[in-house]
1. So Asp98 ticks every box in (1) crowded, with 21+ Cβ neighbours inside 10 Å; (2) closer than 21 Å to Ser12 by Cβ but one. Which box is left unticked?
2. What do you reckon, is Arg56 outside any loop (DSSP other than H, G, I, E, B) and without any contact (Cβ under 8 Å) to a residue 24 or more places away in the chain?
3. Taking only segment 46-67 into account, find how many residues are within 21 Å of His176 (Cβ to Cβ) and surrounded by 20 or more Cβ atoms within 10 Å (Cβ to Cβ).
4. Taking into account only those residues within segment 68-85 that are under 17 Å from the mean Cα position of the chain (by Cα) and assigned to a loop (DSSP other than H, G, I, E, B), which is surrounded by the fewest Cβ atoms within 10 Å (Cβ to Cβ)?
5. Let me confirm something: among Pro281, Pro239, Pro211, which residue is touching a Ser or Thr at 6+ places or on another chain (Cβ under 6 Å) and at pLDDT below 90?
6. Could you tell me which numbered condition Leu31 fails, if it satisfies all but one of (1) modelled with pLDDT of 95 or more; (2) assigned to a loop (DSSP other than H, G, I, E, B); (3) surrounded by fewer than 24 Cβ atoms within 10 Å (Cβ to Cβ)?
7. What number goes with the only condition from (1) farther than 30 Å from Gly108 by Cβ; (2) in a loop (DSSP other than H, G, I, E, B) that Thr200 does not pass?
8. If you check Asp19 against the conditions, is it modelled with pLDDT under 95, crowded, with 23+ Cβ neighbours inside 10 Å and more than 15 Å from Phe189 (Cα to Cα)?
Amino acid sequence: MRPLRFVALGDSLTEGVGDPVGEGWRGWAALLAHGLAPADTPAQFVNFAVSGAQTRDVLERQTSAALAVRPDIASVVIGVNDTLRCTFDIHAVAARLDEVYAAFTRQGAVLLTACLPDPGGMLGLPGALARPLARRQRAVNTVVHALSARYGAVHLHAAEGAWLTDRAMWSADRLHPGERGHRQLAVRFHALLAQAGIATGCAPSEKPEFPAPTRSASLWWMATAGTGWVARRCTDLLPQLLTLAADEIRHRARGTSARLDLSASHAVAAALAALSVTEQPDAA
């Protein structure tokens with residue numbers, strides 16, 4: 001009997017950033033892999049996630065390699081980096097995710113997906129800068145929700161819950177989970193898979209092996225490396241983000257902020273409607 005095969009696709013969150021072990025990263029997907037099957041038949045796990053990846057990278061680089069493994073379970077958790085680029089296009093994000101989800105579903109893999117918190121809120125950006133990013137992340141999450149339902153994915157609502165405001169769950173950069181946060185994701189995914197009768201091994205432990213970063217360490221990171229990290233991540237976004245922020249301020253002053261939300265909702269609806277004419281996934 002061959003071992004259960006689990007592949008993980010995505011960006012730094014799935015790569016494991018924030019959960020260092022030895023010279024590399026571990027992360028929620030690796031923690032989850034240990035609990036997918038009994039100890040005598042452990043899962044075969046391959047992590048294709050790469051820090052900085054966007055939906056385009058998952059579609060064009062990670063998917064074909066992951067499909068070659070012939071996985072039983074495939075996690076696709078992606079989208080935050082798309083919101084941090086000036087090229088953000090919810091229509092393109094929806095089309096790429098639809099293609100990726102369809103590819104794994106056609107091959108018979110169980111699909112794992114998740115909605116994610118908005119980066120502006122996690123980084124504590126000022127409201128006028130944070131709101132446009134939050135609007136983009138809500139758009140991505142809405143698309144992921146809809147496509148997860150369409151393809152019967154095991155979907156985790158990671159954009160909500162007390163864990164978001166628990167400082168002990170997060171690494172010093174305030175954007176990636178720390179060990180506790182990665183364990184929380186692994187535990188929650190395992191519970192959903194166990195409920196579906198897919199995960200048959202022991203659930204990952206919530207108890208961390210290493211101490212959480214102190215508040216002083218977090219403040220030091222933000223004062224030194226943090227500012228540079230955000231600047232590098234948002235280099236091509238910053239000019240546009242400042243324009244979006246100015247637009248946000250104007251609408252707020254006029255009391256017409258709802259128009260921005262309505263425009264974003266219409267864009268999401270149009271992106272999903274454009275997919276409705278594509279070939280539907282085969283019935284299970």
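The values are calculated or read from the model by the stated rules, or taken from the named source; none is laboratory data. Since the model is a prediction, treat every value here as computed from it, not as a measurement. Reconstructed Cβ throughout: ideal geometry from the backbone, glycine too, with neighbour counts over all protein chains shown.
1. Answer for Asp98: the failing condition is (2).
2. no
3. Adding up the residues that qualify gives 9.
4. The residue in question is Arg85.
5. Just one listed residue meets the conditions, Pro281.
6. Only one criterion in (1) modelled with pLDDT of 95 or more; (2) assigned to a loop (DSSP other than H, G, I, E, B); (3) surrounded by fewer than 24 Cβ atoms within 10 Å (Cβ to Cβ) is unmet by Leu31, namely (2).
7. Status for Thr200: all satisfied but (1).
8. Yes; evaluated as a whole, the condition is true for this residue.
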